[in-house]
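Q: What follows is a structure written as structure tokens; I'll ask about it next.
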Amino acid sequence: MKKILTSVVVSLLFLCTMQAQNNILNSDFELWSYGKPVGWTVGLHGTITSFVNLPVEVNFGTQSSEAHGGSSAVKLMSADFTIPYVGYSLNLPGILQVGESEGFTIPLEDIMNIANMFQDTTGFGGLDSTDMSSLSSLTRLLSNGVPCTQVPASVTAWVKYQPQENDQLIMLAVAKKEGMPISYNYGSFQTDDPNAYQKIGIDLDMPNAECDSIMIVILSSLQLGSSSVLYVDDVSLEYSGVGISDMESYTGKIYPNPAGDRLFIQPENEEVYEWTLTDLKGKLLQSGKASGGVSIDTKTCVPGMYLIQIREQGETSTHKVMITR
């Protein structure tokens, strides 16, 4: 009887762990219907409004047997987004979105703004400096994402990338609550071997915070008119514990993490070091120089993820810390 109970408990823990790591339908792309992955969008379809309503549709993805796990993956490529009767065509990077899009209705002027955004910033390379009206229009082309009750620590995927020259792929994730973004990140990636899968991922700030949905968008290229080919498989939401992420070799302590009104740095030696506290965009909030323990007042910091950087004896380490209330 004891062995049976133990087996049941272990099985339940395993299932809970699986649920905590991923709650995306068809995250392994094994389910397909009418040539499209169930629970995902691999194209754009909708109506462009002008003097008349213009229906448009473009497909970027197909089912492929070149999978990381299981028997199938998504193969993404660029495709022409053509506006009928207007004579305008734009070759967009392949776009993969979590969730099934119900289609869009968007003015022709907004489509032209999006086209200019891609052309002026080489894809998403200049996302931070892009005009917000273009970004607002762009989000209207995307799905609303899928239900998600907690912000994940990271979003990962296995990809095999065959880029054109020095091209890069893009991953974007946005966690939302009541329609408003509360946590997001994006990154561009290259691969060493175009014939092998590798794991990519982006970290989100405010992990474990409450949310109601998450958007995930993967693009096959940073360039317009690209011939790059991207295979995507096994997308995952990972809910690892919040802790300090050591990017270098600092051996002292930074605590508590998560922190409240105060954060402490405690080195292992009495060597002089410099420290900075920044947000995730690199904005400097506080800095100092010390040879022992430091107490940092964080009362004015908005709850979220921050970076502590320590420079000691010519070496620099960077550490993530969560500030809560």
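Q: What's the exposure ranking of Leu263, Leu172, going from fewest to most Cβ atoms within 10 Å?
A: Lowest to highest Cβ neighbour count: Leu172, Leu263.
Q: Let me check against my output: what whole-number percent is the relative contact order of segment 253-323, with C-alpha pairs under 8 Å and at least 6 apart?
A: Taking the mean separation of contacting Cα pairs over the length of segment 253-323, I get 34 percent.
Q: Express as a percent, rounded to the nearest 5, the fraction of DSSP beta bridges in segment 22-238 (both residues included) that run antiparallel.
A: 95 percent
Q: How long is the gain from Ser33 to Thr324 if the chain were fully straight, where each residue apart is worth 0.36 nm and the alpha carbon distance is subtracted?
A: 100.4 nm
Q: Also: Let me check I've understood the local charge: for Ser295, count other residues with C-beta under 14 angstrom from its C-beta, Lys and Arg +1, Asp and Glu -1. What total comes out?
A: Net local charge, Ser295 excluded: +1.
Q: Taking 0.36 nm per residue of separation and subtracting the Cα-Cα distance, what length does fully extending Ser71 through Ala290 add?
A: 73.2 nm
Q: For segment 68-90 and segment 194-230, what is the separation of their Cα centres, given in Å?
A: Segment 68-90 and segment 194-230 have Cα centres spaced 17 Å from each other.
Q: Of Lys199/Lys253; Lys36/Lys160; Lys253/Lys289; Lys253/Lys320, which ones are farther than 23 Å apart at the Cα?
A: Check vs 23 Å cut-off fails for Lys199/Lys253.
Q: Could you work out the relative contact order of segment 22-238? I mean the mean sequence separation of Cα pairs under 8 Å and 6+ apart, divided by the number of residues, in percent.
A: RCO, segment 22-238: 27 percent.
Coordinate-derived values only; no laboratory data. As the structure is a prediction and not an experimental result, all values here were calculated from the model. Note: ideal-geometry Cβ built from the backbone for every residue, glycine included; neighbour counts use all protein chains shown.
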